[in-house]
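Worksheet for the structure shown next.
The values are calculated or read from the model by the stated rules, or taken from the named source; none is laboratory data. This structure is a prediction, so every number in the text was calculated from the model and none was measured. Don't worry about glycine lacking a Cβ; one is built from the backbone with ideal geometry, like all the others, and counts go over all protein chains shown. Please note that ligands, DNA and RNA were not included when accessible areas were found on the heavy atoms of the full protein model with its side chains. Shrake-Rupley method; radii C 1.70, N 1.55, O 1.52, S 1.80 Å.
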Amino acid sequence: MRLPSSTYRVQLNKDFTFKNLLEIIDYLHALGVSTIYAAPILKSTKGSVHGYDVTDPHMIDPEIGTKEELSAIASKLRQRGMTWLQDIVPNHMAFDPANTRLMDVLERGPASPYYNYFDIDWNHPSPELKNKVMVPFLGDELAVCVKNNQIKLAFTRNGFQIFYFDAHYPVSGLACDFLFSLLDSPDVKNLAEEWTTFINGRAHTADLRTWHKLKSQWVASVTDKQKKTIQQMVESVNADQTLLMELLGRQHYVLTYWKRTEKEINYRRFFTVNQLICLRMEDDHVFKEYHAFLLSLYNENLIQGFRIDHIDGLKDPARYIKSLRKLFDADCYIIAEKILEAKETLPAEWPIQGTSGYEFLAYVNRLFTDKKGAKQLLEFYSTLVPGLPSYKQLVAKNKKMMLENYMGGEWDNLVRYLNDLELGNHFEYNRLKEALGIIMVSLPVYRIYPHVIPLTGNDLDVINETFEKARKVETGCTEELEHFQQLFVSETSYPKANILSFLKRLMQFTGPLTAKGVEDTTFYIYNPLISHDEVGDSPSTLAISISEFHKRMIVRQQNTPLSLNATATHDTKRGEDVRIRLNVLSEIPEQWQQVVSQWFADHQSYLAANAEDTKVSINDEYFIYQSIVGGFPEDLVASVEWMKRLQEYLMKVVREAKVKSNWELPNENYEKACSTFIQYLLTDEKKFLPSAITFVRQILDAATTYALGQVLLKVTAPGIPDIYQGCELWDLSYVDPDNRRAVDYKLRKKYFDQILIKEKEGSDALFSFLTINRNMGVEKLFVTWKTLTFRKNHEALFTEGAYIPLQVTGGNQLACVYARNIENKWILVAVPFGITQQNQATETLDLHAEESIVMLEYFPKQWINLFSGKSVISNGYLPLKELYKDFSVALLYSV
């Protein structure tokens with residue numbers, strides 16, 4: 001197995017293609033990167049910026065490039081000893097006319113080879129949806145859209161099509177028979193007969209390629225005279241609403257209002273996104289067909305590893321992973337996107353190397369947060385927003401809100417499935433539904449991975465905890481809750497296969513419910529320190545001690561040493577350096593409270609002038625202040641471009657929060673009030689801006705040092721470091737799409753070249769250059785380069801080496817220090833804390849001067865500082881002050 005020594009995530013799309021990637025490979029190689037970690041590259045919807053909306057899994061997205069261009073990249077990577085890690089999306093595809101597999105289902109229905117490819121309930125109890133799939137993209141009810149002439153029939157080179165603005169859907173074969181029956185002209189009677197012969201012949205059940213070929217031949221055979229007659233018929237249908245409605249009723253699908261899916265739906269979707277339809281990946285045929293092209297890329301050595309997107313959406317993740325492992329062999333590096341909650345571990349039976357690294361993000365984020373200060377910030381927040389429920393209460397409330405308001409259709413489907421399996425028919429429907437909803441809301445993790453009934457091990461512990469929480473909810477369905485618990489944890493008379501099937505199905509929806517209720521709602525409402533409203537992290541635990549971090553790293557080295565160490569991704573809520581900067585607030589809670597309280601006072605009269613329904617709430621105002629401090633540009637200039645980014649970000653924030661606005665019915669007046677307030681703040685050059693800039697400048701020294709420490713920990717702690725595109729310099733981005741903006745690689749190459757030149761001139765010239773350009777993040781680029789390169793040259797030390805926590809003398813505990821060791825190779829890592837305390841200390845008090853690293857007796861005596869190149873001698877103790885004399889963080893390696 002070719003293990004990455006590090007990965008570099010790139011977002012490929014029409015604005016950053018294979019050609020653009022090829023241009024930076026030499027730069028990334030020189031930086032020390034071993035593996036390109038690519039966003040999905042399969043064909044997706046037109047203009048997609050992320051690639052998770054695949055339309056064809058058997059071809060590369062032409063907006064990104066060609067297979068030949070990918071081959072050229074692969075050749076260049078091989079020459080440099082680099083590899084390619086590919087993000088894949090097995091859970092869902094785009095519900096889009098460009099998805100030919102899905103359109104084939106809409107056109108041929110049960111005759112389509114893809115009829116069971118998608119997770120569609122063809123037996124939905126709604127008479128309208130029986131043997132049909134809903135197409136929920138209308139802006140109003142179907143009859144209204146027809147009345148408003150928004151839906152049209154057309155005859156195109158692809159045959160008869162139904163158009164709704166730019167969207168177009170095929171007319172089914174049986175409906176075409178209906179259309180031909182409307183034609184009584186002699187010149188098209190032969191055409192109708194030919195169509196009947198065609199549709200009843202081999203073409204109707206042919207594979208997709210053959211079907212399209214034969215159908216195109218049939219359309220091409222239509223004469224100009226026949227086309228004219230057909231066009232007259234089409235116009236008559238479009239002019240007759242009754243006739244058009246009858247035609248629409250003869251399809252294998254139902255065009256419907258998009259909001260209908262909030263209460264009724266008959267296909268599984270990704271989260272609550274109608275435009276993404278899920279696959280039946282548990283079907284072997286679907287699995288093999290979907291992965292066929294990816295397998296060819298792997299066999300041609302164009303790809304060496306895979307990252308599985310949203311594995312929690314699959315019915316049986318363990319079975320999928322085992323199938324994937326068998327398909328791609330034992331040498332393929334495979335990781336999964338998996339958010340691990342507190343005390344949750346990756347299932348040991350999964351034959352993969354680990355996760356995409358969100359749990360590491362949480363560990364580091366909490367490490368750089370001061371426990372005592374975080375508690376003070378929490379208390380301060382409770383005085384700002386006194387009526388706000390606790391975090392746990394908000395999570396439960398918002399999960400319940402999502403289930404009731406946005407996932408009602410899925411909820412009903414689950415209850416019906418339970419009854420179809422004859423597991424709850426003797427209970428009253430609504431009570432059974434209520435009990436199931438309470439269970440879904442009470443589940444403390446995204447999902448479990450059941451494989452046996454009754455549940456055992458960790459699954460049993462989680463379910464018992466779930467029911468313990470569920471019983472605390474005031475409800476009249478205690479008997480139903482008891483029934484569910486007995487089904488899952490006890491021997492009963494019900495068929496175990498049915499119980500397991502239901503539980504696996506249930507788990508496909510608890511993950512989306514948690515994600516929508518927590519990540520996409522609560523994280524925008526609960527704001528004591530927004531750096532912890534983060535994917536993988538949680539504001540329920542704002543900080544951990546250094547010793548707690550060490551314990552987690554020891555476990556990580558034992559269990560998942562090949563997981564990625566991520567600190568920023570395409571899904572994170574804010575940039576890695578925004579979080580670090582905000583975490584500094586926990587070291588100076590009194591100062592922060594004083595400054596932000598003044599800001600509240602200064603703007604009270606301004607905000608009070610707005611009408612009550614457009615007045616920016618205290619909670620959102622506090623969110624804005626934190627976002628300004630965290631994301632203030634490195635040059636401390638409040639540019640118009642940054643202001644617009646912040647305004648767009650806040651619009652998404654208030655919609656996701658679903659308190660003052662939402663995506664379905666945006667409160668444009670409130671959103672405009674927030675936008676205007678941001679403009680007011682960032683153009684106030686007399687009061688707010690000078691105050692904000694002064695405060696940001698005060699915390700920049702600590703934030704910069706901690707940002708360097710975060711990089712150092714990511715590269716040297718157990719796990720494989722992942723660099724998100726562009727994050728070798730400052731990452732002061734907000735949530736997507738802001739964090740997917742184009743990266744200025746010319747700037748990064750320029751700084752990197754200058755670092756190389758300055759290092760040759762000597763350490764004095766180098767550190768002078770780094771200091772002068774500190775605000776631009778050049779020190780971060782330097783640390784990234786030095787550590788990635790060192791790691792690439794000593795891979796076994798990091799993937800297999802022991803993790804040894806080290807003690808520091810003195811009572812301040814202002815450093816996280818550990819060693820890594822394999823055979824006779826050693827490194828020592830030291831990351832400082834308490835920078836704000838150090839900066840506030842008197843000249844006679846040097847906090848770091850009091851502390852030394854306690855070196856174990858079997859440690860080497862001679863070391864070299866990777867960043868300064870200077871020799872370091874240890875005689876039992878190693879003073880921290882000596883380590884930080886030339887540079888903010890330290891990595892020593894043994895001679």
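Annotations for the structure displayed:
- Here Ile265 fulfils each of the conditions (1) surrounded by 15 or more Cβ atoms within 10 Å (Cβ to Cβ); (2) of a type outside the set (Gly, Ala, Ser); (3) in a helix (DSSP H, G or I) apart from (3).
- Screening Tyr526, Tyr494 for residues that are of a type in the set (Phe, Trp, Tyr), within 22 Å of Ile628 (Cα to Cα) and part of a loop (DSSP other than H, G, I, E, B) leaves exactly one candidate, Tyr526.
- Test: residue in the stretch 721-739 that is more than 23 Å from Gly575 (Cα to Cα) and among the charged types (D, E, K, R): no
- Long-range neighbours under 8 Å by Cβ, at least six apart or interchain, first residue under 22 Å from Asp577 (Cβ atoms) within the stretch 760-777, second open to solvent by 30 Å² or more (accessible area, probe 1.4 Å) and of a type in the set (S, T, N, Q): Phe769/Gln754
- Selection of the stretch 303-345 for residues being assigned to a loop (DSSP other than H, G, I, E, B), aliphatic (A, V, I, L, M) and within 15 Å of Gly511 (Cβ to Cβ) yields Leu314, Ile339, Leu340.
- Any hit, the stretch 568-588, residues being modelled with pLDDT of 95 or more, closer than 28 Å to Asp309 by Cα, in a helix (DSSP H, G or I) and out of contact with any helix residue (DSSP H, G or I) (no Cβ under 6 Å at 6 or more places or on another chain): yes
- Flag for Tyr406 being open to solvent by 70 Å² or more (accessible area, probe 1.4 Å) and under 26 Å from Lys259 (Cβ atoms): no
- Contact annotation: no residue pair with Cβ atoms under 6 Å, 6 or more positions apart or on different chains, pairs a residue in the stretch 632-643 that is closer than 15 Å to Thr694 by Cβ with a partner that is of a type in the set (A, V, I, L, M, F, W, C) and outside any helix (DSSP H, G or I).
- Pairs with Cβ under 6 Å, 6+ apart, first in the stretch 17-40 and touching a residue at least 12 places away in the same chain (Cβ under 8 Å) and under 15 Å from Cys727 (Cβ atoms), second among the β-branched types (Val, Ile, Thr) and open to solvent by 10 Å² or more (accessible area, probe 1.4 Å): Gly32/Thr789
- Selection of first residues in the stretch 714-734 that are in contact (Cβ under 8 Å) with a residue 60 or more places away in the chain and of second residues that are charged (D, E, K, R) and assigned to a loop (DSSP other than H, G, I, E, B), restricted to Cβ pairs under 6 Å at least 6 apart or on distinct chains, gives the following pairs, ordered by first then second residue: Trp730/Glu634.
- Within the stretch 23-70, strands (runs of 3 or more DSSP E) holding 3 or more residues that are open to solvent by 20 Å² or more (accessible area, probe 1.4 Å): 54-60
- Residue among Ala154, Ala111 that alone is touching a His at 6+ places or on another chain (Cβ under 8 Å), of a type outside the set (Asp, Glu), more than 24 Å from Leu276 (Cβ to Cβ) and modelled with pLDDT of 95 or more: Ala154
- Identity of the residue in the stretch 853-874, buried (at least 17 other Cβ atoms within 10 Å of the Cβ) and aliphatic (A, V, I, L, M), that ends up nearest to Trp785 (Cα to Cα): Leu866
- All conditions in (1) touching a residue at least 40 places away in the same chain (Cβ under 8 Å); (2) surrounded by fewer than 21 Cβ atoms within 10 Å (Cβ to Cβ) hold for Val133, with the sole exception of (2).
- Ser627 vs. criteria part of a helix (DSSP H, G or I), among the hydroxyl-bearing types (Ser, Thr, Tyr), under 24 Å from the mean Cα position of the chain (by Cα) and within 26 Å of Gln593 (Cα to Cα): yes
- Residue check for Leu665: part of a helix (DSSP H, G or I) and under 26 Å from the mean Cα position of the chain (by Cα): no
- Matching residues in the stretch 451-481 - criterion: being in contact with a Ser or Thr (Cβ under 8 Å, 6 or more places away or on another chain) and either more than 25 Å from Ser540 (Cα to Cα) or not in a helix (DSSP H, G or I) (or both): Pro454, Arg471, Val473, Leu481
- Meets criteria (in contact (Cβ under 8 Å) with a residue 12 or more places away in the chain, crowded, with 18+ Cβ neighbours inside 10 Å and farther than 27 Å from Asp520 by Cα) for Val595: yes
- Residue in the stretch 71-82 that is in contact with a helix residue (DSSP H, G or I) (Cβ under 6 Å, 6 or more places away or on another chain), at pLDDT 95 or above, open to solvent by 40 Å² or more (accessible area, probe 1.4 Å) and assigned to a loop (DSSP other than H, G, I, E, B) present: yes
- Members of the stretch 419-450 found to be within 21 Å of Ser493 (Cα to Cα), aliphatic (A, V, I, L, M) and assigned to a loop (DSSP other than H, G, I, E, B), listed by number: Leu421, Leu423
- Criterion applied to Lys504, Lys496 was being under 25 Å from Leu314 (Cα atoms) and over 32 Å from the mean Cα position of the chain (by Cα), and the one residue passing it is Lys496.
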